[in-house]
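Here is the structure we will look at.
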Amino acid sequence: MAERTETRVAFIGSECYPFVKTGGLGDVMYALPRALVREGQEVRVILPLYSCIPAKYKEQMVWKGSFMMDLTQDGRSFFVGVMELEKDGVVYDFIENKEFFDWGNPYTGLWEDIPKYCYFAKASLAALNFLEWTPDVVHCHDWQAALVPVYLRTRFALTPVGAARSVLTIHNLRFQGICSIEHLKYWTGLQDDLFTYDVFLVNDNEANMFKGGLAYADRVTTVSETYAQEIQTDFYGEGLNGHLWYHRAKLRGIVNGIDVEQWDPQADQLLPVSYGREEILSRKGENKRALQRRLGLQEDEGKLLLGLVSRLTDQKGLDLVDAVFEQMLDENTQIIVLGTGDPRYENAFRYFESVHKGQVSACIMYDESLSHQIYGGVDALLVPSLFEPCGLTQLIAMRYGTVPIVRETGGLKDTVEPYNEYTGEGNGFTFDRYEADLLLDAVRRAREVYFQHRDRWNAVVQRDMDKDVSWTHSARQYLELYHELKG
Ligand code: ADP
């Protein structure tokens, strides 16, 4: 039999567009497998069958079978059903279990989420054996799949899937899956000798799922080179900096891309008018006016329209936005916010809308189609994050000829080249320290170029549209990593 040349990769993670998405992880779980398939690889994506997955996808799924799986310390067994769907060459296997996944949203609170993702990690590996599909690499994502590398080398070591190597990608280190030692021992059913400080333990009372996964994974990646360095420091390390520094030889940063078909201003059905590089300067204005009309802003192409599309959490630099919101506004500037999250930010933006009617719009909701219209209609997008592993919104913005205004951290630093007022080069406006005045200064610099040097502004817009933000380059870097592991 001819030897297989392609690499088989099983992606294991808690969300994936278009089935279920709460943030960037969902985009990556969609786009990277597709990019790898385009490179000729075989990819399966393993996901929980949450009840919130739209019926139109559930109807397309095929029942592959079921089995019982032991899980807990006291040997309780749980049902594992496997449903399958193929889309554009990627096979999606959904793990079915009503007890764990019928709660509605994917994340419902750590108390339920810990058992849910202990079950999911183990069931994913068991499902691969059940399907008799042995990957070369299991590529796990964030804390929800962090137990996979641990199970792989322990409970599954002597089973077919045990031959696979593992990669664990950190999309966001803030969330780690920390609970009491007893809770994790109970739900993983793993042996006591893993509950040590070099694997799961945080202190005498708590255990950390991500920490264990990072210790056991063959390779650890994170979604930008800068974040790979940052997380080894006290400020960004979320308590795991020492652990990551210890494992630094297997840590690497590979920057995310975006799916350029999903995000394509030239073919985007959700935009009032689509545009390519050649038409942007004439058509952006039409999208801008349509957006202003839709959101009740004063309809005027001549205004500088700023956007913010984000989860509303402290990670996203909203304290800075809040602090200088009034100063960022002037009679020629409007701001649109799209996001949900922490009520204190939701209320702050509602307040700004109420006192600046026609100039500010606070869309406190999750709305995929509005997000497209914002990327297509605003002039500049604010991403002033406190920390940002990679960030996708600045990449989407650039693809839509929208100029990013970002803080130089993590992937924002790696993907946005600061505008140089002397040469006119660069593709966005940036600031370094986490200070509100510096955000304001970046907005003022952007405003000056927009109103006083439109030719230079337009050149930045064109450069943004020319930038390669696709997955092609990064997918090849992942492929090299998989090859390295296969040996
Ligand atoms: P994170 O994963 O930290 O939330 P990213 O920048 O990596 O941030 O990814 C955010 C993704 O979620 C982008 O695709 C963005 O368009 C989308 N998004 C965030 N908030 C909303 C919202 N309220 N409505 C629609 N899309 C949103």
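For this structure, a couple of remarks:
- Selection from segment 2-15 of residues that are within 13 Å of the ligand (Cβ to nearest atom) and not in a loop (DSSP other than H, G, I, E, B): none
- Taking the criterion of being out of contact with any Lys or Arg (no Cβ under 9 Å at 6 or more places or on another chain), closer than 28 Å to Arg248 by Cβ and touching a residue at least 12 places away in the same chain (Cβ under 8 Å), the residues of segment 153-168 that qualify are Arg153, Thr154, Val161, Ala163.
- Residue in segment 322-333 that is open to solvent by 10 Å² or more (accessible area, probe 1.4 Å), modelled with pLDDT of 95 or more and within 28 Å of the chain's Cα centre (by Cα) present: yes
- Those strands (runs of 3 or more DSSP E) of segment 191-270 in which at least 2 residues are open to solvent by 10 Å² or more (accessible area, probe 1.4 Å) and modelled with pLDDT of 95 or more, considering only elements entirely within it, cover 251-253.
- Among the residues making up segment 354-385, a single one is away from the ligand (no atom under 11 Å from the Cβ) and closer than 23 Å to Phe175 by Cβ: Pro384.
- Selection of segment 313-337 for residues being assigned to a loop (DSSP other than H, G, I, E, B) and either more than 11 Å from the ligand (Cβ to nearest atom) or aromatic (Phe, Trp, Tyr) (or both) yields Gly317, Leu329, Asp330, Glu331, Asn332.
- From the options Ala436, Ala475, Ala442, Ala446, residue that is closer than 30 Å to Tyr30 by Cα and either touching a residue at least 24 places away in the same chain (Cβ under 8 Å) or surrounded by fewer than 18 Cβ atoms within 10 Å (Cβ to Cβ) (or both): Ala475
- In segment 19-47, residue least open to solvent (accessible area, probe 1.4 Å) [restricted to those that are within 12 Å of the ligand (Cβ to nearest atom) and assigned to a loop (DSSP other than H, G, I, E, B)]: Gly23
- Verdict on Leu306 being crowded, with 17+ Cβ neighbours inside 10 Å, away from the ligand (no atom under 12 Å from the Cβ) and in a helix (DSSP H, G or I): no
- Listed by position, the strands (runs of 3 or more DSSP E) enclosed by segment 64-175 that each have at least 1 residues that are open to solvent by 10 Å² or more (accessible area, probe 1.4 Å) are 77-87, 90-96, 165-170.
- Segment 169-202, residues that are in contact with a helix residue (DSSP H, G or I) (Cβ under 6 Å, 6 or more places away or on another chain), within 16 Å of the ligand (Cβ to nearest atom) and touching a residue at least 60 places away in the same chain (Cβ under 8 Å): His171, Gln176
- Of all residues in segment 48-63, those that are free of Cβ contacts under 8 Å to residues at least 60 places away in the same chain and either assigned to a loop (DSSP other than H, G, I, E, B) or surrounded by 13 or more Cβ atoms within 10 Å (Cβ to Cβ) (or both) total 11.
- Given (1) free of Cβ contacts under 8 Å to residues at least 60 places away in the same chain; (2) more than 13 Å from the ligand (Cβ to nearest atom); (3) of a type in the set (S, T, N, Q), index of the condition Thr340 fails: (2)
- Leading residue by the ranking (nearest to the chain's Cα centre (by Cα)) among those in segment 100-143 that are at pLDDT 95 or above and of a type in the set (D, E, K, R): Asp142
The values are calculated or read from the model by the stated rules, or taken from the named source; none is laboratory data. Treat the numbers as computed from the prediction; the structure is a model and nothing was measured. Positions of Cβ are backbone-derived with ideal geometry, glycine not excepted, and every protein chain shown enters the neighbour counts. SASA here: full protein model, heavy atoms, side chains in, ligands and nucleic acids out. Shrake-Rupley method; radii C 1.70, N 1.55, O 1.52, S 1.80 Å.
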